[in-house]
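Taking it in order: structure first as structure tokens, then the write-up.
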Amino acid sequence: MSSNNNTNSEETETYNLIGELSNQYADLGETTQGFIKAQKLKGEKTVNDWFQVLQDMLTFKYQSRTISSKNKLKKPQSPQVLIRSFFYVSIVQIAIVWAIVEHLIYPLSWEFWQYGLIVIGLSLLITFVRKTISKSKIHQLREGFEQYQLYNKEFTTIRSAESRILPVYNNFLHPMLAFTKEEMPPNGMLNLYFDVGHWKLPYHKVEGKDPMANRHVTHTDFYEMKVFEALGKLANGTLLNLAIQKSVRVRNIRKVNPRGKVKHKTKSRYKLIYEVRLGFPAAAFQLRDNRPLPISNVKMKVASNEKRHTIKMQQVVTAANFDKTIQHKTLINLMALAYQCIESK
């Protein structure tokens with residue numbers, strides 16, 4: 001009896017937690033729920049609003065992960081399963097009694113079909129009696145099973161939403177927004193695009209020529225995907241443009257060995273292109289005469305006019321596979337290099 005009470009209390013506690021998480025997911029709002037489902041953040045909000053959206057998403061993820069890892073919904077026994085078990089147990093019991101009577105007490109010598117009908121009929125009668133006696137238990141099972149179906153649907157929705165909030169939100173976007181928030185005015189607008197959804201190459205194909213292709217390359221395909229972009233205006237009046245792009249080059253290679261055997265291979269090259277563009281107002285900043293020496297894997301371009309000094313920094317990181325994790329420190333380092341090229345008047 002105590003074990004049943006403990007089980008019921010655990011189920012009640014789990015259902016209460018699921019209910020709280022379901023309410024928390026509903027409180028995120030349709031806009032944030034759309035971000036989660038699409039695995040994409042897109043739009044223009046104040047930097048504080050974007051930061052709050054991300055904080056809510058990560059808080060929901062951590063709470064749902066903690067609860068779902070410690071609490072697993074167990075499917076309770078339904079009334080139909082209990083009634084079927086009554087019937088099957090009755091058949092086995094009657095068959096055993098029949099066999100004892102047939103072989104040890106009195107040979108009945110009935111036909112097989114008569115034997116089967118009698119066993120089934122008696123089993124149905126005993127099942128009906130057991131169902132009538134266990135009416136309260138069946139009613140309790142029916143309520144518990146309906147409650148399980150309701151909370152299991154909510155639990156599935158919560159788990160699905162939690163799994164779509166990838167670690168890259170915490171390891172890249174959160175520190176990137178925290179850094180940007182410190183550099184922007186409190187009500188500064190930030191146009192943000194962040195896409196980490198699973199994408200298929202054919203939808204991102206671009207035209208391009210492969211200048212490095214040799215005679216063995218029969219065909220080359222190029223694919224590009226915009227992963228991150230942030231547009232805003234910093235507190236000192238500097239225009240900010242941050243971007244990360246994934247690039248894939250797929251080469252089809254045909255080689256013939258000395259014996260005339262033809263081999264076809266496909267080689268892929270993955271790249272992450274980090275780009276920082278800062279437009280400093282010319283009224284407050286000027287270019288330094290002693291700029292930092294160029295770095296081997298960083299390209300720098302400087303353009304000036306009467307209104308602004310625009311510094312563009314670009315760094316290409318070659319990846320061994322497509323799942324190369326983007327790094328917020330790379331963008332911050334490029335911004336630091338751009339600031340080394342400028343000074344206040």
(request) Go through (1) among the small types (Gly, Ala, Ser); (2) under 30 Å from Val53 (Cα atoms); (3) not in a helix (DSSP H, G or I) one by one and return the number of the condition Ala178 breaks. (result) (3)
(message) Suppose we filter Leu192, Leu173 for residues that are at pLDDT 85 or above, crowded, with 16+ Cβ neighbours inside 10 Å and assigned to a strand (DSSP E or B); which single one remains?
(response) Leu192
(request) Filter region 118-168 down to the residues that are at pLDDT 75 or above and among the aromatic types (Phe, Trp, Tyr), then identify the one that is farthest from Leu54 (Cα to Cα). (result) Phe128
(request) Give me a count of the residues in region 199-243 that are surrounded by 15 or more Cβ atoms within 10 Å (Cβ to Cβ), assigned to a strand (DSSP E or B) and hydroxyl-bearing (Ser, Thr, Tyr). (result) 2
(request) Scan region 288-345 for residues that are within 20 Å of Gly237 (Cα to Cα) and assigned to a loop (DSSP other than H, G, I, E, B) and jot them down. (result) Arg288, Asn305, Glu306, Lys307, Gln340, Cys341, Lys345
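Test Ser268 against the stated conditions and say whether it is more than 27 Å from Ala178 (Cβ to Cβ), assigned to a loop (DSSP other than H, G, I, E, B) and hydroxyl-bearing (Ser, Thr, Tyr).
Judged against the criteria, Ser268 is not a match.
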(request) Can you work out which of the residues in region 243-297 that are hydroxyl-bearing (Ser, Thr, Tyr) and touching a residue at least 12 places away in the same chain (Cβ under 8 Å) is nearest to His219 (Cα to Cα)? (result) Thr266
(message) Here's a check for you: in region 326-345, which residue that is within 15 Å of Gln245 (Cβ to Cβ) and under 27 Å from the mean Cα position of the chain (by Cα) is surrounded by the most Cβ atoms within 10 Å (Cβ to Cβ)?
(response) Leu331
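The values are calculated or read from the model by the stated rules, or taken from the named source; none is laboratory data. None of these values were measured; they are calculated from a predicted model. Please note: Cβ atoms are built from the backbone with ideal geometry, for glycine as well, and neighbour counts cover all protein chains shown.
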